[in-house]
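Right, one structure below, let's go through it.
The values are calculated or read from the model by the stated rules, or taken from the named source; none is laboratory data. It should be emphasised that the depicted structure is a prediction, and the values quoted were computed from it without experimental measurement. Ideal geometry is used to build each Cβ from the backbone, glycine not excepted, and the neighbour counts take in all protein chains shown.
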Amino acid sequence: MKYIYKTRWWMKWWYPELIWEIKTTKKEIYLTFDDGPDPEVTPWVLDQLKAHQAKATFFCVGENVEKYPEIYKRILAEGHTVGNHTYGHLNGWKTSYDKYIVSVKKCSHVFGAHLFRPPHGRISKRQIKKLKKRYKIIMWSLLSGDFDDTISSAECSYNTVQYSEPGSIVVFHDSQKCKKTLFEALPKILNHFSNTQWEMKAICDKN
């Protein structure tokens, strides 16, 4: 699979309504985790973050929060932030406008959040126009590649470290599909940022 690690300028230009990075000159980075909570992966991620005094943002799928409410509560209790990732992980390019908005609203009934990330990063201009009235729509400046079976965990670690800049929003996934790569790569990534005095922060409404 071929994809772009860093978000290209023209994508940011085409979608100026979306948040692609956090404006800062400080050594601050924003780690995000999509698709959870997962009963195995998410608690492990939380343990890793806690060990490095790192905060992150979890974009949760509504039906998963319903299945694992205690994990969701732990995310909040440990000082992380959360965002809406639709109720059933819908692709905005392949889903009707009405069905997509209903899924976002259904997720909001499961848990409240003012942040939103479209699954797969796919969202239409019409969907954006509707959702930006209520949510800050968070995209990313850097993909870790943990979802790609064709790259190694070493490549995932290297690319995350190599391409991160002040204010970067980095995407990981706390899911079974990405477990193998994430379990090998994330500790190395957290160690690097801790040892080089980067602050790993959660995205909040004020960013």
- Message: Within the stretch 122-132, does at least one residue satisfy the condition of being outside any helix (DSSP H, G or I), basic (K, R), within 30 Å of S164 (Cβ to Cβ) and in contact with a strand residue (DSSP E or B) (Cβ under 8 Å, 6 or more places away or on another chain)?
- Response: no
- Message: Just to verify a result, which residue in the stretch 95-118, among those that are without any contact (Cβ under 8 Å) to a residue 24 or more places away in the chain and either part of a loop (DSSP other than H, G, I, E, B) or among the β-branched types (V, I, T) (or both), is nearest to E21 (Cα to Cα)?
- Response: G112
- Message: So, G83, is that one part of a loop (DSSP other than H, G, I, E, B), modelled with pLDDT of 95 or more and not hydrophobic (A, V, I, L, M, F, W, C) or not?
- Response: no
- Within the stretch 1-48, residues being assigned to a helix (DSSP H, G or I), polar (S, T, N, Q) and farther than 21 Å from T86 by Cβ number 1
- Would it be correct to say that Y87 is buried (at least 17 other Cβ atoms within 10 Å of the Cβ), without any contact (Cβ under 8 Å) to a residue 40 or more places away in the chain and farther than 21 Å from V170 by Cβ? yes
- Query: Out of the stretch 1-51, which residues are free of Cβ contacts under 8 Å to residues at least 24 places away in the same chain and closer than 20 Å to P187 by Cα?
  - Reply: D47
- Any idea how many residues of the stretch 152-207 are buried (at least 17 other Cβ atoms within 10 Å of the Cβ), out of contact with any helix residue (DSSP H, G or I) (no Cβ under 8 Å at 6 or more places or on another chain) and β-branched (V, I, T)? 3
- Message: Just the residues that are surrounded by fewer than 19 Cβ atoms within 10 Å (Cβ to Cβ) and either aromatic (F, W, Y) or assigned to a helix (DSSP H, G or I) (or both), please, taken from the stretch 52-67.
- Response: E63, E66, K67
- Task: Select from the stretch 26-51 the residues that are surrounded by fewer than 21 Cβ atoms within 10 Å (Cβ to Cβ) and charged (D, E, K, R) and write down the one among them that is farthest from T196 (Cα to Cα).
- Result: E40
